[in-house]
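Report on one structure; see the data block that follows.
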Ligand SMILES: [Zn+2]
């Protein structure tokens, strides 16, 4: 009996794992029925194994939950960043839009008289009290453009006060888009104006145009 107990106790782990061959399994089962001592050892091992398995299941579960939480956190971070970028982009778009629609340049005819210039200035002034008017003479305009294209000296090199291709202009800034619309409307039939550089762009066109301008100027 003692000898069989030794054999069975050697086999018991394999029996619990289910890795024994049928003959060994049969031997263990038959012995356990008749030997209290070996049966006790078997029960003990079975209980430990059960606890071990339960722990493993619990750890696996915790790992899965952790993974899910991590994924959720990453998604929250990504969407927060996207939302913030979108908000910044829209704020920038609104600023561009506002600027585009409250600033215009009015180019006058080359041969306009002092009186004609004064007339246009007065016409603009009467539209609202909050209008900023800057007069830029043809000479100043030429200098300004030369400054702007100073990396491309050749472009305007041959031009001076005598053969100036630029015309006198007004730069108009208003506080509101409505004021600017009033100014533009009031100048529709005024003589001596060659071109009004108003923007009819919408929010996103403004944004794109301004981004291009910034990229071009930083070049
Ligand atoms: Zn035994």
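Test of understanding: in a Gaussian network model of the chain with alpha carbons linked when under 10 Å, which of 136, 81, 65 would top the mean-square fluctuation ranking?
Fluctuation is largest for 65.
Can you put 218, 80, 169 in order of Cβ neighbours within 10 angstrom, beginning with the fewest?
By the 10 Å Cβ count, ascending: 218, 80, 169.
For helix 22-34, report the angle its Cα long axis makes with the longest principal axis of the Cα atoms of the chain; keep it between 0 and 90° and round to the nearest 10°.
60
In whole Å, what is the distance between the alpha-carbon centres of the range 99-142 and the range 35-86?
Each part reduced to its Cα centre gives a spacing of 75 Å.
Could you tell me, in Å, what Rg and Dmax come out for the Cα atoms of the range 2-66?
Both quantities, over Cα of the range 2-66: 15.1, 51 Å.
Relative to the longest principal axis of the C-alpha atoms of the chain, give the angle of the C-alpha long axis of helix 2-17, reported between 0 and 90° and rounded to the nearest 10°.
Between helix and principal axis, roughly 20 degrees.
Rank the residues 96, 5 as a footprinting-exposure proxy: fewest other Cβ atoms within 10 Å of their Cβ go first.
5, 96
Tell me the angle of helix 203-218 to the major Cα principal axis of the chain, expressed in degrees between 0 and 90 and rounded to the nearest ten.
Computed tilt is about 80 degrees.
Can you put 126, 199 in order of Cβ neighbours within 10 angstrom, beginning with the fewest?
Fewest-to-most Cβ neighbours within 10 Å comes out as 126, 199.
Can you compute the FRET efficiency between residue 177 and residue 72 using 1/(1 + (r/R0)^6), with r the Cβ-Cβ distance and R0 = 45 Å? Round to the nearest 0.05.
In this case the efficiency is close to 0.55.
Please compute one quarter of the surface area of the Cα convex hull for the chain and express it in square nanometres.
25.7
Applying 1/(1 + (r/R0)^6) with R0 = 22 Å to the Cβ-Cβ distance of residue 218 and residue 98, what FRET efficiency is obtained, to the nearest 0.05?
It comes out at approximately 0.50.
What whole-number distance in Å separates the alpha-carbon centres of the range 10-30 and the range 164-219?
93
Taken together, the values in this text are just the output of simple stated rules run on the coordinates, not laboratory data. This is a predicted model, so every value here is computed, not measured. All Cβ positions, glycine included, derive from the backbone under ideal geometry; neighbour counts span all protein chains shown.
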